[in-house]
Structures are given as structure tokens and as C-alpha cells.
Amino acid sequence: MFAAAAATAQDEKLPFQAVAVPPDLNISEGRSSAVIRSTRDWTVWVGNLPGLVEDLPTVDFDRYTLLVANAGYKTNGPYEVKFDSVSDLPNVVRVHVSITGPTSCPTEPVAGHYVAMVVIPRTDKPVQFDVSTRDSTCPHR
């Protein structure tokens, strides 16, 4: 179904579905992204995380590719990491992610790692992440 639809347009929007991110997920201190295409890749990726993570999502890699966008560690959160679009181009899948923060104006900033994950229909194409950052309207303290 997805392959036939993708072949009919030059810039086909791919459907994507958010995956629950464990609250204790610590990927890296800086911004990063990942494309995970198989159970083996997933096992290696999880094994390289700096700490033990519980409640990792289960992904059917025969049907889906997992995309991960990480804003990194932020001391002045909370931040929102959001997948805006996923486009299937002839030679690449282009992903647009926005990072906004802090998303609320807490009296005390919330430090943490801010991450989003989605699944897309399985693809072997290279994936390009375009990330935009937006500052919130919170007054600086």
C-alpha cells in the first residue's frame, strides 16, 4: 500500500506515528538523530545508551523504520521535540523536526533529556533530518 502511493508523486508525505518515549531515556547530552531499521540495529543502539532504560517501545521492524530526534540535555526545560513532516523524495526520506522550548514558563526550570520517536513505513532510503529550533515566549530569568 505505502510503496504504490509513494511511487505516484515526487514528494509524497509519508504517514508517521508517535511512539511513547520512556521518561528515563538519556540518549546524549547534545542534539542527535537516529534511524533504526532492524531489531539488531535497535539492540546495538540501546546498548550504546549511557544508562539502563525501562519500558522501551516494541517496534515491528519488518513493517516500520524507527526515527529518533533528540534535543539533548536541557537545563531550562520543558522542551517539545516534534516531528512536523516526513517526505518520501526520489532518493531520500526528508524529515522535518522542530524543537521548541521552554514550552511553558515554569517557576523552576525542568532539566532533562527531551526526545521524540516515530515509526514510518519501512524504508531502506537514506534519511535526512532538518531541525528547526524555536524559542518560547518565556521571559529569561
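The values are calculated or read from the model by the stated rules, or taken from the named source; none is laboratory data. Since the model is a prediction, treat every value here as computed from it, not as a measurement. All Cβ positions, glycine included, derive from the backbone under ideal geometry; neighbour counts span all protein chains shown.
Listed values, structure above:
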| quantity | calculated |
| --- | --- |
| Asp124 vs. criteria in a loop (DSSP other than H, G, I, E, B), at pLDDT 95 or above and not β-branched (Val, Ile, Thr) | yes |
| Options Leu52, Leu89: the member that is closer than 18 Å to Leu14 by Cβ, of a type in the set (A, V, I, L, M) and surrounded by fewer than 16 Cβ atoms within 10 Å (Cβ to Cβ) | Leu89 |
| Those residues of the stretch 26-42 which are of a type in the set (D, E, K, R) and in a helix (DSSP H, G or I), in sequence order | Arg40, Asp41 |
| Test: residue in the stretch 91-109 that is touching a helix residue (DSSP H, G or I) at 6+ places or on another chain (Cβ under 7 Å), at negative phi and in a strand (DSSP E or B) | no |
| All positions within the stretch 77-86 that are touching a Gly at 6+ places or on another chain (Cβ under 9 Å) and either under 16 Å from Glu12 (Cβ atoms) or not in a strand (DSSP E or B) (or both) | Pro78, Tyr79 |
